[in-house]
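Novice: Please read through the structure below; I'll follow up with questions.
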Amino acid sequence: IAASIVAGIVLLKRNRISDDSSSDLGGMSWDQAFHTATTFVTNTNQQHYAGEGLSYFSQIFGVGLAMFMSAATGLSLAVGFTRGILNEEDDNLGNFYVNLIRGSVRFLLPIALILGVFLVSQGSPQTLGGQVTAQTLGGGEQAIRVGPVAGIESIKILGTNGGGYFAANAAHPFENPTVLSNLILNLVLLAAPISVIYAFGAWIGKKLHAGILIIAFFVLFMGLLVVGVSGELQKNPGLNVNTENFTVSQLNGNMEGKEVRFGPTLSALWATSTTATTNGAVNSMHDSFTAQGTIPLFLGMSMNCLYNGLGVGLLNLMTYLFLAVFIAGLMIGRAPQYMGKQIEWMEVKIAALIILLLPTLVLIPTSLAVLTDFGKEAISNPGFRGFSEILYEMFSAAANNGSGFEGLADNNTFFNLTNGVQILLGRYLPILGQIAIAGSLASKKIRPETEGTLKIESLSFLVLFIGVMIIIGGLIFLPSLSLGPIGELLSGGL
């Protein structure tokens, strides 16, 4: 809360570029500053402003510092939760601040430094030089902001943050200069949260169990990716222009809102990756995707566990896992048990409440938005696509994703305040419940495994876990998706 207040004060101040006092960037309104502060300290990074509008001080201390600290907070919580599983009748989950420093110094800083140097080698600027002037093809001049772009970009991807230095985010050539940088950033985007799951398996001495969880996510991810890529490789019906003097070629698929250097396939891969995690960075315009291409983006956020975020993703994963263990116990007629710890009514109730929190935070604000002029006036497209714009905005905030569907005029008091509250509740309420579960498990005895114990390293558990993810995580939003991307698809839109 203190960090949010400090960041908000910084963002309210009028900004000036350090080497050019005439370049006055202005400040934020109070509601926009509130939204921006809450979104960065919670690792959500949903932006209702153009990234170029912040000064270096705001970028480094109001945004960059929050990117490191919010990611390190997730790592610290993951360590504490793991201790809750390993401890036997010992409710000491460790020192949060020790974990925070270790996660920053041993993991985030060195890898971010390496990634930042790589981005500089590809063409990303890392400077406090203000702006550069370029000669345009039309013979004019264009002033282009530069700054510590490579450093912000590296922690943005590594820390599953997602906030862009530029309004175009990772579609901007200064943030993501080449196809190679795009592939490496996409790889790091997925590898960072996966590494925490693997580390969890190493901590508990069951690497195969961690492998089973990663495989489950990979199966779901590949299913979403196939739907997304196949949707974007189709023609865009809105671009079927064929006149006597002009023809739009769609041999490569839907190129609306996409960078030519990436194309539909790499754009759909990135979009699926960024919504299957809580990263939220974008290298294309999601509102320009076909109806089929947008469905995986909604489903990735709806499960709120698929890879997810750095550290906190492990906590969300365990929420679904405990429900899977509980269901398995009911099926075989034995008391649910995980890693020798009895899963009892309190853990199951908290896990169920955590999962029900996301639809509550998404659907109620969506209903308010479509019933009032505040939301309807912000829509730029009619019908199913307009509803999708609002639904995506609420998903992005409540699921701590932060990516933008765009096409929605969201920089107003209604969306700034609504999304800000969603972001705070969606981030901290689940953490409170998950740490409560860890504390409860830490105080229990570890029971020895028997023949009737659920084998968490088996194929049957893999299938059960995937089923729980799909049924509980995905299908709960089916009615709302029917009014958005599914409805648009069934009505004839691609």
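Novice: Only one residue in Ser460, Ser443, Ser403 is touching a residue at least 24 places away in the same chain (Cβ under 8 Å), hydroxyl-bearing (Ser, Thr, Tyr) and surrounded by fewer than 18 Cβ atoms within 10 Å (Cβ to Cβ), so which one is that?
Specialist: Answer to the check: Ser443.
Novice: Just one of the numbered conditions (1) out of contact with any Gly (no Cβ under 8 Å at 6 or more places or on another chain); (2) at pLDDT 90 or above; (3) open to solvent by less than 30 Å² (accessible area, probe 1.4 Å); (4) not charged (D, E, K, R) is not true of Ala397; which one?
Specialist: The number of the failed condition is (1).
Novice: A further question on this structure: Can you report the number of residues in the range 135-182 which are in a helix (DSSP H, G or I) and either among the acidic types (Asp, Glu) or touching a residue at least 40 places away in the same chain (Cβ under 8 Å) (or both)?
Specialist: Of the residues in the range 135-182, 15 are in a helix (DSSP H, G or I) and either among the acidic types (Asp, Glu) or touching a residue at least 40 places away in the same chain (Cβ under 8 Å) (or both).
Novice: Oh, and also: Looking at the range 59-78, can you tell me whether even one residue there is open to solvent by 10 Å² or more (accessible area, probe 1.4 Å), over 26 Å from Gly402 (Cα atoms) and without any contact (Cβ under 8 Å) to a residue 40 or more places away in the chain?
Specialist: Within the range 59-78, none of the residues are open to solvent by 10 Å² or more (accessible area, probe 1.4 Å), over 26 Å from Gly402 (Cα atoms) and without any contact (Cβ under 8 Å) to a residue 40 or more places away in the chain.
Novice: Select from the range 208-244 the residues that are over 23 Å from Leu158 (Cβ atoms), open to solvent by 60 Å² or more (accessible area, probe 1.4 Å) and at pLDDT 90 or above and list them in ascending order.
Specialist: Selection gives Leu208, Ile215, Val219, Met222, Val226, Leu233.
Novice: Please indicate, with yes or no, whether at least one residue in the range 92-102 is at pLDDT 90 or above, charged (D, E, K, R) and buried (at least 18 other Cβ atoms within 10 Å of the Cβ).
Specialist: Within the range 92-102, not a single residue is at pLDDT 90 or above, charged (D, E, K, R) and buried (at least 18 other Cβ atoms within 10 Å of the Cβ).
Novice: Let me ask another. Could you list, in sequence order, all residues of the range 35-56 that are surrounded by fewer than 23 Cβ atoms within 10 Å (Cβ to Cβ) and within 21 Å of the chain's Cα centre (by Cα)?
Specialist: Residues satisfying the conditions are His48, Tyr49, Ala50, Gly51.
Here is a yes/no grid of residues against (1) over 16 Å from Thr275 (Cβ atoms); (2) among the small types (Gly, Ala, Ser):
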site: Ala167; (1), (2): yes, yes
site: Leu183; (1), (2): yes, no
site: Leu187; (1), (2): yes, no
site: Leu190; (1), (2): no, no
site: Val196; (1), (2): yes, no
site: Gly201; (1), (2): yes, yes
site: Ile212; (1), (2): yes, no
site: Gly253; (1), (2): yes, yes
site: Val260; (1), (2): yes, no
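Novice: Scan (1) modelled with pLDDT of 90 or more; (2) not in a helix (DSSP H, G or I) for the single condition Thr366 breaks and write down its number.
Specialist: (2)
Novice: May I ask you to say which residue of Asn400, Asn381 is more than 25 Å from Thr160 (Cα to Cα), not small (Gly, Ala, Ser) and not in a helix (DSSP H, G or I)?
Specialist: The unique qualifying residue is Asn381.
Novice: Mind checking which residues of the range 224-243 are without any contact (Cβ under 8 Å) to a residue 24 or more places away in the chain and not β-branched (Val, Ile, Thr)?
Specialist: Answer for the range 224-243, where residues must be without any contact (Cβ under 8 Å) to a residue 24 or more places away in the chain and not β-branched (Val, Ile, Thr): Gly238, Leu239, Asn240, Asn242.
Novice: Regarding Leu269, is this residue of a type in the set (A, V, I, L, M), in contact with a helix residue (DSSP H, G or I) (Cβ under 6 Å, 6 or more places away or on another chain), part of a helix (DSSP H, G or I) and open to solvent by less than 50 Å² (accessible area, probe 1.4 Å)?
Specialist: For Leu269, the condition - of a type in the set (A, V, I, L, M), in contact with a helix residue (DSSP H, G or I) (Cβ under 6 Å, 6 or more places away or on another chain), part of a helix (DSSP H, G or I) and open to solvent by less than 50 Å² (accessible area, probe 1.4 Å) - is not met.
Novice: If I filter the range 118-131 down to residues being out of contact with any Pro (no Cβ under 6 Å at 6 or more places or on another chain) and more than 21 Å from Phe57 (Cα to Cα), which single residue comes out as surrounded by the fewest Cβ atoms within 10 Å (Cβ to Cβ)?
Specialist: Ser121
Novice: State which residue is farthest from the chain's Cα centre (by Cα) when the search covers only the range 406-430 and only residues that are among the aromatic types (Phe, Trp, Tyr) and open to solvent by 10 Å² or more (accessible area, probe 1.4 Å).
Specialist: Out of the qualifying residues, it is Phe414.
Novice: All but one of (1) over 28 Å from Arg385 (Cβ atoms); (2) open to solvent by 50 Å² or more (accessible area, probe 1.4 Å) hold for Ile466; state the number of the condition that does not hold.
Specialist: Against the list (1) over 28 Å from Arg385 (Cβ atoms); (2) open to solvent by 50 Å² or more (accessible area, probe 1.4 Å), Ile466 comes up short only on (2).
The values are calculated or read from the model by the stated rules, or taken from the named source; none is laboratory data. Keep in mind that this is a model prediction, so the values were computed, not measured. Glycine gets a Cβ as well: all are built from the backbone with ideal geometry, and neighbour counts include every protein chain shown. Ligands, DNA and RNA are stripped out before the accessible areas are found, and what is left, the full protein with its side chains, is counted by its heavy atoms. Shrake-Rupley method; radii C 1.70, N 1.55, O 1.52, S 1.80 Å.
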